[in-house]
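Working notes, structure below.
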Amino acid sequence: MSVRAWFRGGGVVVAASALLLTALLLMAIFAPLIAPYDYREQNRQFPNCPPSPLHVRPPSEWNESIFYTFGYRLADPTTRRYDLLDTPVPIALFSAGHLFTTPPGAPKFFALGTDGLGRDLFSRIVFGGRVSLAVGLVGAAISCALGTVLGTIAGYFGGWVDSVIMRAVEVQLSVPTFYLLLALAAVIPANLGPALRFLLIVAIISCAAWAGFARVIRGMVASVRENEFVTAARALGVRRRTILARHVIPFTFSYTIVAATLGIPSFILSESALSLLGVGIQEPGASWGNLLSEAQNVENLVSYPWILTPGVFIFVTVMCCNFLGDHLRDRLDPQSQVGER
């Protein structure tokens, strides 16, 4: 089935979801280009600065710059009230290795405002998307791979192998997932580097999500194990490894694709929840979860509503994955395809 066939009949919602997810992935891949500033750079003179205004120059002035903004001045440090300056600041496109930025020494353009330490929130969201999206994609891939391998072994071989694996699945499913994640994440040493911590977070979330997937795969493999093409392959002396790789596992691909797509949001939400509670990605690292930590304070939320912007990115990503997964499930359902014919 071609990619075009997969998206046929999905309507505007599915097409928009695919485009938004593609845009978010490209944003994460090219984060150093998209982000106007270093996501770790602190501007202590601009804590909780509101988003900078964006203006378009008349076409006759485009030789200087197409867009411009006005800088801020901290008028009252106690209430963090800002006043706009009168001097326009040009916004340079494709300058200094960034998609857009301001000239060196000029007031900065804070597209989505700043956090409590004066760090550009848009830059932190762009780089935080690398972590959150990578956790979703890598975590879904690991859990699907682990569930496929164990579910295939249990369903194809049966007997005591099936019993042992299924009992492990039942034990795993009997433990509340979020509390298991908290318990496992809490034992991660605080002095670990960001890369190793990221790998451990992905491994923890993946280990908590493989059981349900393995149980479904086990049922699918057990049903296809006695089909004629599998029995014929065994009668011809084909090795078990070849039978599993060419005949049994491909039978589960349609479910795997849908389950992985629908599972990505749960991984993103799990990482966001752990980082929000302080046991996930740590400062000065950025993820969409730990960027919401300031929003836990109701006073901050009322005074600086732009700190909720990372939550908008999480919401959009989760909804797009759900819309896309539901559509792929309908397209890959054999009964729906028979009905279309």
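The values are calculated or read from the model by the stated rules, or taken from the named source; none is laboratory data. Since the structure is predicted, the reported quantities are computational estimates derived from the model, not experimental observations. As a convention, Cβ positions derive from the backbone with ideal geometry for all residues, glycine included, and neighbour counts pool all protein chains shown. To get the accessible areas, we keep the full protein, side chains included, count just its heavy atoms, and leave off ligands, DNA and RNA. Shrake-Rupley method; radii C 1.70, N 1.55, O 1.52, S 1.80 Å.
Collect the residues in region 214-228 that are in contact with a helix residue (DSSP H, G or I) (Cβ under 6 Å, 6 or more places away or on another chain) and open to solvent by 70 Å² or more (accessible area, probe 1.4 Å), keeping them in residue-number order.
Arg215, Arg218
Would you please name the residue that is modelled with the highest pLDDT, looking only at residues in region 294-312 that are open to solvent by 30 Å² or more (accessible area, probe 1.4 Å) and in contact with a helix residue (DSSP H, G or I) (Cβ under 6 Å, 6 or more places away or on another chain)?
By that ranking, first place goes to Leu308.
Could you tell me which numbered condition Pro77 fails, if it satisfies all but one of (1) crowded, with 23+ Cβ neighbours inside 10 Å; (2) under 30 Å from Glu299 (Cβ atoms)?
Checking Pro77 against (1) crowded, with 23+ Cβ neighbours inside 10 Å; (2) under 30 Å from Glu299 (Cβ atoms), the one that fails is (1).
Rundown of residues vs (1) on the phi < 0 side of the Ramachandran plot; (2) surrounded by fewer than 20 Cβ atoms within 10 Å (Cβ to Cβ); (3) in a strand (DSSP E or B), yes/no style:
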residue: Leu25; (1), (2), (3): yes, yes, no
residue: Ala28; (1), (2), (3): yes, yes, no
residue: Pro36; (1), (2), (3): yes, no, no
residue: Arg40; (1), (2), (3): yes, yes, no
residue: Asn48; (1), (2), (3): no, no, no
residue: Pro51; (1), (2), (3): yes, yes, no
residue: Ser60; (1), (2), (3): yes, yes, no
residue: Asp83; (1), (2), (3): yes, yes, yes
residue: Gly105; (1), (2), (3): no, yes, no
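I'd like to verify a number: residues in region 179-207 that are open to solvent by 80 Å² or more (accessible area, probe 1.4 Å) and in contact (Cβ under 8 Å) with a residue 24 or more places away in the chain, how many?
2
Could you list, ordered by first residue, the pairs with Cβ atoms under 7 Å in which the first is in region 242-264 and farther than 30 Å from Met319 by Cβ and the second is of a type in the set (Ser, Thr, Tyr), at least 6 apart or interchain?
Leu244/Thr152; Leu244/Tyr156; Val248/Thr152; Val248/Tyr156; Ile249/Thr148; Ile249/Thr152
Taking the stated definitions as given, is Ser272 open to solvent by less than 30 Å² (accessible area, probe 1.4 Å), out of contact with any Lys or Arg (no Cβ under 6 Å at 6 or more places or on another chain) and not in a helix (DSSP H, G or I)?
It is false that Ser272 is open to solvent by less than 30 Å² (accessible area, probe 1.4 Å), out of contact with any Lys or Arg (no Cβ under 6 Å at 6 or more places or on another chain) and not in a helix (DSSP H, G or I).
Okay, residues lined up against (1) among the acidic types (Asp, Glu); (2) at pLDDT 90 or above; (3) in contact with a strand residue (DSSP E or B) (Cβ under 7 Å, 6 or more places away or on another chain):
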site	(1), (2), (3)
Thr22	no, yes, no
Leu26	no, yes, no
Ala31	no, yes, no
Tyr37	no, yes, yes
Glu61	yes, no, no
Glu64	yes, no, yes
Phe70	no, yes, yes
Ala75	no, no, yes
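When you go through Thr242, Thr252 one by one, which is the residue that is in a helix (DSSP H, G or I), of a type in the set (Ser, Thr, Tyr), surrounded by 21 or more Cβ atoms within 10 Å (Cβ to Cβ) and more than 17 Å from the chain's Cα centre (by Cα)?
Of the residues listed, the single one that is in a helix (DSSP H, G or I), of a type in the set (Ser, Thr, Tyr), surrounded by 21 or more Cβ atoms within 10 Å (Cβ to Cβ) and more than 17 Å from the chain's Cα centre (by Cα) is Thr252.
Being in contact (Cβ under 8 Å) with a residue 24 or more places away in the chain and of a type in the set (A, V, I, L, M, F, W, C) is the filter; apply it to region 281-300 and report the residue that is nearest to Ser123 (Cα to Cα).
So, considering only residues that are in contact (Cβ under 8 Å) with a residue 24 or more places away in the chain and of a type in the set (A, V, I, L, M, F, W, C), the one nearest to Ser123 (Cα to Cα) is Ala286.
Just checking, which of Arg119, Arg197, Arg124, Arg130 is of a type in the set (D, E, K, R), modelled with pLDDT under 85 and within 24 Å of the chain's Cα centre (by Cα)?
Unique residue meeting the criteria: Arg197.
Let me spell it out: the conditions are (1) assigned to a helix (DSSP H, G or I); (2) open to solvent by less than 10 Å² (accessible area, probe 1.4 Å), and Asp162 meets all of them except one. Which number is the exception?
Only one criterion in (1) assigned to a helix (DSSP H, G or I); (2) open to solvent by less than 10 Å² (accessible area, probe 1.4 Å) is unmet by Asp162, namely (2).
Could you tell me how many of the residues in region 62-81 are in a strand (DSSP E or B) and either within 17 Å of Pro103 (Cα to Cα) or in contact with a helix residue (DSSP H, G or I) (Cβ under 9 Å, 6 or more places away or on another chain) (or both)?
Summing the residues that are in a strand (DSSP E or B) and either within 17 Å of Pro103 (Cα to Cα) or in contact with a helix residue (DSSP H, G or I) (Cβ under 9 Å, 6 or more places away or on another chain) (or both) in region 62-81 gives 6.
Has region 144-159 got any residue that is small (Gly, Ala, Ser) and over 16 Å from Thr252 (Cβ atoms)?
Yes - at least one qualifying residue is present in region 144-159.
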